[in-house]
Every structure is written in structure tokens, then in C-alpha cells.
Amino acid sequence: MSVTSIQFKAFAGQTLQAELLGDAKNPAVLMILDAASNVAEWRRIADALLLSGRHVVMLYLRTSGAMDAASDYFPHVDDMRAILAQMLSRPVIMAAGRGAAIALRALQQDGAHLAAGLISVDLHADDGLDGQNMGHIPSLYIAGGLTGLDAVPRHDGTLVSSLISDVPLAKFVQLDAAEPDDVHEALLGQLLEFLELYHPRDAREFRSGSDPRTLRDAMGLFATGVTIVTAVGDNGDAIGMTANSFTSVSLDPPLLLVCIAKSAGSAPHLQSTTKFGVNVLQIGQQPASNRFASKVEDRFAGIDWTMGETGVPLLDGSLVSFECERQTLHDAGDHFILVGHVMRAQFEPHRDPLLFFRGKYRRLHFA
Ligand SMILES: Cc1cc2nc3c(=O)[nH]c(=O)nc-3n(C[C@H](O)[C@H](O)[C@H](O)COP(=O)(O)O)c2cc1C
């Protein structure tokens, strides 16, 4: 992921360091970091936001002494206003702890037009916050305890939650989970939902029609996993192709199906074989998915695989591998439907799946 370092002009001739990640044409998220921030955790979130099509600006506040009183937020509030005014588009600000208190002050009253929204994590709500000033822009207040974004001791979210209970554009969420990874996923889920709602990547548009393009795009809105269907080809070599048309069909007897384009090079093999494998891919197998969807000659080169007990090729490290005997073959337009009787399944339950949606690979944002 490319990262560019830049300097913003801040208040009173100072400059502040920032890192730009991702395409500046995408809607921006301005992350506020200071000396107490856990940079590794912020980066983890920044990476996930990049993957979901965001431009991330990581801004490092100027270093200063302890900030005990509200007046100590000077000059940071002025810094933030100066920087927001220089940004190419109005960002959603994301900040934790004292960074959130600074952002909130920068956006109060006449500063509201500077940002599209505010995501505040573990806000230190003990220094004169006031519900009326918290509702100028769409705001998400998250209290998480274990989020690990900020080294400063946390306050519980009760005060924040009571302050914003009647504020129309503000939402409060308390994250409760024992495992830091669960909190990370839950936090990410909240962020992405908020961003999609108030700072969507594409302007909302509705399309309708019955032409092939519209129908294809409509079908692509059904989110799926990704599989690689394998078999031993007519010439004795392993063959395989990427397919997301996988469906579980029946439990008793155990049946599944995949739809194969008649035009696919693998189609004749899959039409004649009596056995085939279906490998459901995990997030790390995106390169394999590309390979088995391409015209590469030897798709299995560089891929670890083993011959399953029933004699079908299985890709190592898959989320699930099903070994099937062909049950039926149905003609269906320009595809045929291959129904398999599952003889054996092996799976690794702890990995994240590779997903496919609107023509792109995706990942799970939260469990
Ligand atoms: C994510 C993804 C899902 C796909 N799903 C299917 C599918 O369900 N059925 C199909 O026939 N082709 C599907 N394809 C296309 C085939 O993988 C592609 O045409 C491949 O080149 C077929 O290989 P072959 O023609 O050498 O057999 C998919 C491709 C991708 C990237």
C-alpha cells in the first residue's frame, strides 16, 4: 500500500506531519494521532478502511505536555481547524481519547462545516462536554475499553451516552467483548456502517432494466464466497477453475452444486468426470482465485495441493474442501449445473473467507 508523507500548515506557523494512504479521489477519513496513540492499531484500522475504498489521512498532533484542563486543548483545536480547511474534501474525522475531545471542539459551532462526520472512540467525557455541541454533524461515539487505540486510561461511556441521548445525528455504541481481536472487528464494523451511511463511496443511484449489463450488475449484488472446482481431467492431469456459483443444496443426502459456463475450457472435463472437488477459499487464497480464473497453462504450478482420499485434487489451506461424486448434471442456458454428492469434507474453522461482491474481492469486516 503506498504511503505518502506530507506536512500540513498548522496554527501559528507550525507544521504537522501526516501520512496519506490510498486514492485521494475516495472519500477521506482523517485519523488523529498523538504521542499516546497505539500507531500499530491505528494502521490496522487504516489498512481495513483502505480496502473498503477510503482515502486515509493519518495526522500526528504536535507534541505537548499533559492536558488536564479544557484550556490545554489550545493550540490543537486551532491546528485541526487550519488543517481541515486545507483538505481537498470534507473528511470524516476519527479520533480517540484526547484526540476526540480536540476534534469535537474543532467542530463545534462554526466548525461544523469542516467535516462530514465524527467518529470518536473512548472520548474522555469529563471536561465540560455538552450534548448541544455534540450534534452538529453526524457523530458516532464508541466506548470500547479494550480498543487499544490510545494509551490514556479509559472512561466508561456512560456520561457520553447520557449527553447524546436526545441528539438526533449522534449514536452511541458500547463495545463489549473479551478478546481484543473481537473488539477490533466490532469496531471496524461500526466504522464501516457509519461511513457507508454518512460518507458513501459512490453517490446513491438506482438502476433498473432487463439488458444483460443491468442483469449482470444486479446478480453481482449477491455477495458470495469463492471456490475452486477441481477434478482429474480427461488426460489424467489435475484441472480446476474459479467459481462463485456454489450452493449447498441438501443435507440428507448431502448435496451441493456449482454452475459451470459451457464456454469454459474446463467444461468438457467437468461434464465427463464422475468425481470433483470444491475448495472454498480463505482470504489468503485470492492469488489462487485469480490464477484459476485466468488462462494460465499450468494453474497448479506454485500451488500446494494433495490428492484427496476419493481421488480429487484438493488445495491445501482452503477454508473447506469437499470431495464429491457427481449426482446429476442439468442443462441451464449457457451454463450447466453440476450437482455433487458430498463424500467427504475437511475444513479449518478459524480462517476468514474470501468474499466476492460487485465484481471485487472483499473481506469480512466483523464476525
Ligand atoms: C470470483 C470469480 C467467480 C467465478 N465464478 C464462475 C462460476 O461460477 N462459473 C463459471 O463458469 N465461471 C466462473 N468464473 C470464471 C472462470 O473462473 C473463468 O472463466 C476461468 O477462466 C475458467 O477457466 P477455464 O475456461 O480455463 O476452465 C469466475 C471467476 C471469478 C474471478
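The values are calculated or read from the model by the stated rules, or taken from the named source; none is laboratory data. Every value quoted in this text rests on a predicted model; they were computed, and no experiment measured them. Cβ coordinates were reconstructed from backbone atoms using ideal geometry, including for glycine residues, and neighbour counts include every protein chain displayed.
Determine whether Ile228 is within 16 Å of the ligand (Cβ to nearest atom), within 18 Å of Phe292 (Cα to Cα), within 28 Å of the chain's Cα centre (by Cα) and at pLDDT 95 or above. Full working, then the answer.
Details: within 16 Å of the ligand (Cβ to nearest atom): yes; within 18 Å of Phe292 (Cα to Cα): yes; within 28 Å of the chain's Cα centre (by Cα): yes; at pLDDT 95 or above: yes.
The answer is yes for Ile228.
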Checklist outcome for this item: Gly333 fails exactly one of (1) within 14 Å of the ligand (Cβ to nearest atom); (2) surrounded by 13 or more Cβ atoms within 10 Å (Cβ to Cβ); (3) on the phi > 0 side of the Ramachandran plot, namely (2)
Checklist entry - Can you tell me which residues in segment 343-367 are within 14 Å of the ligand (Cβ to nearest atom), in a loop (DSSP other than H, G, I, E, B) and not basic (Lys, Arg)? => result Leu354, Gly359
Checklist outcome for this item: Expected output for segment 339-358 (first residue free of Cβ contacts under 8 Å to residues at least 40 places away in the same chain, partner exposed (fewer than 13 other Cβ atoms within 10 Å of the Cβ), Cβ below 8 Å, 6+ apart or cross-chain) is Arg344/Glu309
Checklist entry - When you scan segment 274-319, how many residues do you find that are farther than 23 Å from Gly359 by Cβ, within 13 Å of the ligand (Cβ to nearest atom) and not in a strand (DSSP E or B)? => result 3
Next on the checklist: Can you report the number of residues in segment 84-112 which are farther than 16 Å from Ala170 by Cα, at pLDDT 85 or above and more than 27 Å from the chain's Cα centre (by Cα)?
Outcome noted: 4
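Just one of Leu30, Leu20, Leu16 is over 24 Å from Pro200 (Cα atoms), assigned to a strand (DSSP E or B) and touching a strand residue (DSSP E or B) at 6+ places or on another chain (Cβ under 8 Å); which is it?
Values: Leu30 fails: over 24 Å from Pro200 (Cα atoms); Leu20 fails: over 24 Å from Pro200 (Cα atoms).
Going through Leu30, Leu20, Leu16 in turn, the sole match is Leu16.
Does Gly340 meet the test of being outside any loop (DSSP other than H, G, I, E, B) and more than 27 Å from the chain's Cα centre (by Cα)? Even if it seems obvious, please write down each step before you answer.
Numbers: outside any loop (DSSP other than H, G, I, E, B): yes; more than 27 Å from the chain's Cα centre (by Cα): yes.
Yes; evaluated as a whole, the condition is true for this residue.
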Next on the checklist: For segment 202-248, which positions are exposed (fewer than 15 other Cβ atoms within 10 Å of the Cβ) and either hydrophobic (A, V, I, L, M, F, W, C) or assigned to a strand (DSSP E or B) (or both)?
Outcome noted: Ala203, Phe206, Leu215, Ala218, Met219, Leu221, Phe222, Ala223, Thr247, Ser248
Item to check | Hits in segment 75-122 - residues which are of a type in the set (D, E, K, R) and not in a helix (DSSP H, G or I) | outcome: Arg90, Asp122
Checklist entry - When you go through (1) away from the ligand (no atom under 13 Å from the Cβ); (2) within 24 Å of Phe357 (Cβ to Cβ) one by one for Leu257, which number turns out not to apply? => result (1)
Checklist entry - Restricting attention to segment 223-230, does a residue exist that is under 30 Å from Gly117 (Cβ atoms) and in contact with a Phe, Trp or Tyr (Cβ under 6 Å, 6 or more places away or on another chain)? => result yes
Next on the checklist: If a residue must be surrounded by fewer than 16 Cβ atoms within 10 Å (Cβ to Cβ) and within 33 Å of the chain's Cα centre (by Cα), how many such residues does segment 294-330 contain?
Outcome noted: 10
Next on the checklist: Just to be sure I understand the filter: pairs with C-beta atoms under 8 Å, separated by 6 or more residues or on different chains, first member in segment 261-279 and over 15 Å from His341 (Cα atoms), second member in a loop (DSSP other than H, G, I, E, B) and within 7 Å of the ligand (Cβ to nearest atom). Which pairs pass?
Outcome noted: Gly265/Lys295
Checklist entry - Is it the case that some residue within segment 198-216 is modelled with pLDDT of 90 or more and within 11 Å of the ligand (Cβ to nearest atom)? => result no
Checklist entry - Out of all the residues in segment 131-161, which are surrounded by fewer than 19 Cβ atoms within 10 Å (Cβ to Cβ) and at pLDDT 80 or above? => result Ser161
